[in-house]
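Have a look at the structure below before the remarks.
The values are calculated or read from the model by the stated rules, or taken from the named source; none is laboratory data. In this text the structure is predicted, and so the values were computed from the model without any measurement. Cβ sites come from the backbone with ideal geometry, for glycine too, and all protein chains shown count toward neighbours. Heavy atoms of the whole protein, side chains included, go into the accessibility calculation; ligands, DNA and RNA do not. Shrake-Rupley method; radii C 1.70, N 1.55, O 1.52, S 1.80 Å.
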Amino acid sequence: MNGTPLIRAENLGRVITGEVPATLITGADLAVAPGTFLAITGPSGSGKSSLLYLLGLLDLPTTGEVYVEGRATSRLPEDARAAIRLEKLGFVFQFHFLLPEFTALENVLLPMRALGRLTGAAMEARGLALLGSLGLEAHARKRPDQLSGGQRQRVAIARALANDPAVLLADEPTGNLDTHSTEQVFAILRRLVDAEKRAVVIVTHDLALAARADRQVRVVDGRIVDEAGQA
Amino acid sequence: MSARLGLAVSIALTHVRSRARQTLVGVLGVATGVGFSVMMAALMEGSQRDFITQLVDALPHILVSDERRHPSPQPAEEAYDAAAIQGLTTKAIRPGIKNPFAMMSAISGWVDGAVAPSVQAKAVVRFAGRDRTASVIGIDPKREGEVSKLPTQIRQGTLADLYRASNAIILGDGLAGKIGARVGNVVSVTGGTGQVLLCTVVAFSHTGVASADDSQAYVLVKTAQILAGQTGLVNEIRVKAQDVMAAREIAARIEAETGYKSVSWQEAHEDLLSAFEIRNLIMYMVVGAILLVASFGTYNIISTITHEKTRDIAIMKSLGLTERLVRTIFVLEGLVIGLIGTALGFALGLGLSLAMGQVAIKSPFMDATHLPIYYSPLHYALAGAVALSASLVAAYLPARKAASLQPVDIIRGAS
Ligand SMILES: Nc1ncnc2c1ncn2[C@@H]1O[C@H](COP(=O)(O)OP(=O)(O)OP(=O)(O)O)[C@@H](O)[C@H]1O
Ligand SMILES: [Mg+2]
């Protein structure tokens with residue numbers, strides 16, 4: 001590992017108090033270094049998604065802390081957490097979660113426009129380049145309902161990469177895809193790690209796929225039980 | 001436009017466009033509210049202004065009469081501090097204004113306007129066996145035109161015709177009709193103290209106000225003085241000021257200088273003017289309620305959109321769009337509906353006002369006219385401002401609620 005981890009979780013816990021109290025995650029420690037492909041596996045309902053939401057600042061821990069590039073995040077105001085999500089983290093969910101009324105390109109432009117760093121023309125050029133790098137140059141002007149499942153998922157990846165995040169977090173990104181599309185998406189994620197030195201964290205049921213990651217962590221009953229890494 | 005605002009605008013427009021029918025309903029709601037508000041304001045202010053204009057035109061701006069605000073002190077009151085006089089009966093005949101012509105020239109000296117005298121006499125007008133009580137008003141035809149519209153209201157003759165016969169009379173056309181007198185007929189006029197004059201009808205007057213036309217007649221000042229049985233009598237001096245709005249101050253000064261009760265048109269119609277204020281208050285409340293109800297539609301639409309878009313909101317927030325930006329999107333949608341609705345409402349309001357202006361009204365008390373409409377940019381500005389603020393509030397409430405949702409709650413449920 002070189003330098004500060006991009007994301008580090010320390011004694012992370014999340015309990016839900018309410019009508020049905022539940023412990024989603026407890027005592028989780030984890031660090032994600034640049035250039036790592038990390039796979040989170042575990043049985044259904046074990047807390048994989050919950051862990052990913054905490055790492056991605058989508059949810060607030062009830063105990064412990066998540067550090068992004070060394071900075072504690074749990075006490076930051078919501079807008080500051082949103083800004084970190086916008087700039088440094090990218091999300092891909094099992095279902096594509098594209099905005100249905102907008103074209104693929106417009107969906108990819110959304111985070112860039114929200115950040116507002118580039119000129120309109122530069123944003124468009126970058127959006128098209130991203131779609132091109134994912135083999136979607138011909139589909140930039142199509143709306144999500146005009147795309148296949150695998151194409152939509154690649155658009156979602158392009159959108160997650162829009163602001164050039166250091167970490168990509170994906171919750172079962174291939175869960176709904178056929179073997180061919182799964183391979184395609186996996187190859188893209190692999191390239192992000194190997195060629196672009198980003199960190200990729202995926203939650204997956206697919207143990208064969210997980211085995212091809214650099215590291216694996218297994219979650220059972222809200223705890224990280226073992227970590228199997230290669231290299 | 002910043003990239004962020006541009007983003008909010010483009011998302012807002014997309015939402016609104018893809019819900020054309022709902023949006024149209026909202027827009028029509030606002031447009032109807034604004035349109036009817038504008039029309040109502042034009043009608044209300046039109047009738048009010050029309051009324052005041054007619055009032056100010058029809059009546060002298062200032063009426064100086066041979067009365068005093070406070071009864072003149074009795075000698076006993078001046079002699080003894082404790083004396084109080086009660087149950088005093090006033091004299092039956094009117095006292096008249098002392099030295100009226102000196103007073104008139106004094107007033108003409110400093111008032112920018114015109115001054116004319118008049119004499120009031122009660123009389124019975126009889127012709128061909130039919131009789132009617134009438135107020136016979138003695139006037140000076142040369143000055144009358146400067147203080148009233150009477151010269152323009154004379155039919156089948158002119159005011160100057162009063163000089164033609166020795167006892168000439170102009171009858172209100174309603175009065176003439178009731179006794180069956182025509183121009184050239186000689187009617188007998190009996191004054192309050194019993195004097196009978198035979199007067200030649202030289203013309204008719206038609207003010208358009210039925211109650212006046214049925215009971216008024218005009219003669220020369222000296223003829224009226226004979227009927228009243230008081231030579232040299234002048235009951236009223238009427239003043240028409242160039243500046244209508246200065247009437248109150250002029251009246252106060254005349255009263256201070258002469259001691260005679262001097263009433264401006266504003267004072268004479270104080271109750272009417274305050275009735276107008278109440279009427280306006282009611283109008284503002286009704287218009288406000290119309291616009292408020294119109295904004296309910298907007299509230300409903302924005303609520304519906306935020307509900308339908310819960311997932312999209314979660315996506316946007318999970319990507320890192322701030323709560324404020326998400327809120328802005330839906331507030332903008334309300335604003336778009338409000339803006340289009342207001343613009344259409346202006347057109348509708350103008351159209352309705354024009355249409356209402358064509359409506360002829362017939363009244364038994366007045367001549368037939370068109371509904372008076374007053375066009376004022378202020379009505380449009382006010383209705384627009386209220387409609388837009390109401391739309392903003394109507395959109396803000398559901399927008400705030402929607403923008404505050406936690407994306408993880410939605411994403412957890414959806415995946
Ligand atoms: N809002 C909630 N209230 C109560 N329990 C919850 C809530 N959300 C999640 N849980 C529970 O927390 C546990 C962890 O859920 P999570 O979605 O993280 O599991 P997961 O490992 O991602 O499962 P899957 O593989 O099926 O996606 C589950 O048992 C779930 O039922
Ligand atoms: Mg899950």
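Restricting attention to region A:15-30 and to residues that are among the β-branched types (Val, Ile, Thr) and more than 7 Å from ligand 1 (Cβ to nearest atom), the residue that is surrounded by the fewest Cβ atoms within 10 Å (Cβ to Cβ) turns out to be A:Thr17. May I ask you to list the residues in region A:78-112 that are within 18 Å of B:Ser2 (Cα to Cα), open to solvent by less than 40 Å² (accessible area, probe 1.4 Å) and facing chain B (nearest Cβ under 7 Å)? If the condition is that a residue be within 18 Å of B:Ser2 (Cα to Cα), open to solvent by less than 40 Å² (accessible area, probe 1.4 Å) and facing chain B (nearest Cβ under 7 Å), then A:Leu86, A:Leu110, A:Pro111 are the ones that fit.
When each of B:Thr304, B:Thr342, B:Thr298 is tested for being more than 14 Å from chain A (Cβ to nearest Cβ) and open to solvent by 30 Å² or more (accessible area, probe 1.4 Å), the lone residue that passes is B:Thr304.
If you go through region B:168-195 and keep only what is modelled with pLDDT of 90 or more, touching a strand residue (DSSP E or B) at 6+ places or on another chain (Cβ under 8 Å) and surrounded by fewer than 17 Cβ atoms within 10 Å (Cβ to Cβ), you end up with B:Gly180, B:Arg182, B:Val183, B:Gly184, B:Asn185, B:Val186, B:Ser188.
The set of residues from region B:208-232 being closer than 13 Å to B:Ser118 by Cα, open to solvent by 10 Å² or more (accessible area, probe 1.4 Å) and modelled with pLDDT of 85 or more comprises B:Tyr218, B:Leu220, B:Val221, B:Lys222, B:Gln225, B:Ala228. Is it the case that region A:80-96 has a residue that's within 16 Å of ligand 2 (Cβ to nearest atom), out of contact with any strand residue (DSSP E or B) (no Cβ under 7 Å at 6 or more places or on another chain) and at pLDDT below 95? Taking every residue of region A:80-96 in turn, at least one turns out to be within 16 Å of ligand 2 (Cβ to nearest atom), out of contact with any strand residue (DSSP E or B) (no Cβ under 7 Å at 6 or more places or on another chain) and at pLDDT below 95.
The residues in region A:194-219 that are open to solvent by less than 30 Å² (accessible area, probe 1.4 Å) and either farther than 25 Å from A:Leu147 by Cβ or within 16 Å of ligand 2 (Cβ to nearest atom) (or both) can be counted, and the count is 10. So, B:Ala395, is that one out of contact with any Asp or Glu (no Cβ under 8 Å at 6 or more places or on another chain) and either within 16 Å of ligand 2 (Cβ to nearest atom) or not β-branched (Val, Ile, Thr) (or both) or not? It is false that B:Ala395 is out of contact with any Asp or Glu (no Cβ under 8 Å at 6 or more places or on another chain) and either within 16 Å of ligand 2 (Cβ to nearest atom) or not β-branched (Val, Ile, Thr) (or both). Against the condition outside any helix (DSSP H, G or I), within 26 Å of B:Ile411 (Cα to Cα) and away from ligand 2 (no atom under 16 Å from the Cβ), how does A:Asp164 come out, does it pass? So A:Asp164 passes the test. Among the residues of region A:204-212, are any within 14 Å of chain B (Cβ to nearest Cβ) and within 16 Å of ligand 1 (Cβ to nearest atom)? For region A:204-212, residues within 14 Å of chain B (Cβ to nearest Cβ) and within 16 Å of ligand 1 (Cβ to nearest atom): present.
For region A:195-231, filtering for residues that are closer than 21 Å to A:Ala160 by Cα and without any contact (Cβ under 8 Å) to a residue 24 or more places away in the chain leaves 2. Candidates in region B:369-415 are the residues that are part of a loop (DSSP other than H, G, I, E, B), open to solvent by less than 60 Å² (accessible area, probe 1.4 Å) and more than 16 Å from ligand 1 (Cβ to nearest atom); of these, the one that is nearest to the other protein chains (Cβ to nearest Cβ) is B:Ser404. The number of residues in region B:123-155 being without any contact (Cβ under 8 Å) to a residue 60 or more places away in the chain and either open to solvent by less than 20 Å² (accessible area, probe 1.4 Å) or not in a helix (DSSP H, G or I) (or both) comes to 7. Summed over region A:35-89, the residues that are more than 14 Å from A:Asn11 (Cα to Cα), within 16 Å of ligand 1 (Cβ to nearest atom) and over 16 Å from the mean Cα position of the chain (by Cα) give a count of 5.
For region B:345-368, the set of residues classified as modelled with pLDDT of 90 or more and open to solvent by 60 Å² or more (accessible area, probe 1.4 Å) consists of B:Phe346, B:Ala347, B:Leu348, B:Leu350, B:Leu354, listed by residue number. Could you tell me whether region A:125-135 includes any residue that is within 14 Å of chain B (Cβ to nearest Cβ) and more than 30 Å from A:Ile40 (Cα to Cα)? Within region A:125-135, one or more residues are within 14 Å of chain B (Cβ to nearest Cβ) and more than 30 Å from A:Ile40 (Cα to Cα).
One residue alone among A:Phe95, A:Phe102 is outside any strand (DSSP E or B) and within 16 Å of ligand 1 (Cβ to nearest atom), and that residue is A:Phe95. Residue check: A:Gly45 meets all listed conditions (1) at pLDDT 95 or above; (2) closer than 17 Å to B:Asp409 by Cα but one, namely (1). The number of residues in region A:31-67 that are open to solvent by 10 Å² or more (accessible area, probe 1.4 Å) and away from ligand 2 (no atom under 16 Å from the Cβ) comes to 11. Of the residues making up region B:250-278, those that are surrounded by 13 or more Cβ atoms within 10 Å (Cβ to Cβ) and charged (D, E, K, R) number 5. State all residues of region A:1-22 that are within 16 Å of ligand 2 (Cβ to nearest atom) and either of a type in the set (Val, Ile, Thr) or more than 14 Å from every other protein chain (Cβ to nearest Cβ) (or both); if no residue qualifies, say none. Across region A:1-22, the qualifying residue is only A:Ile16.
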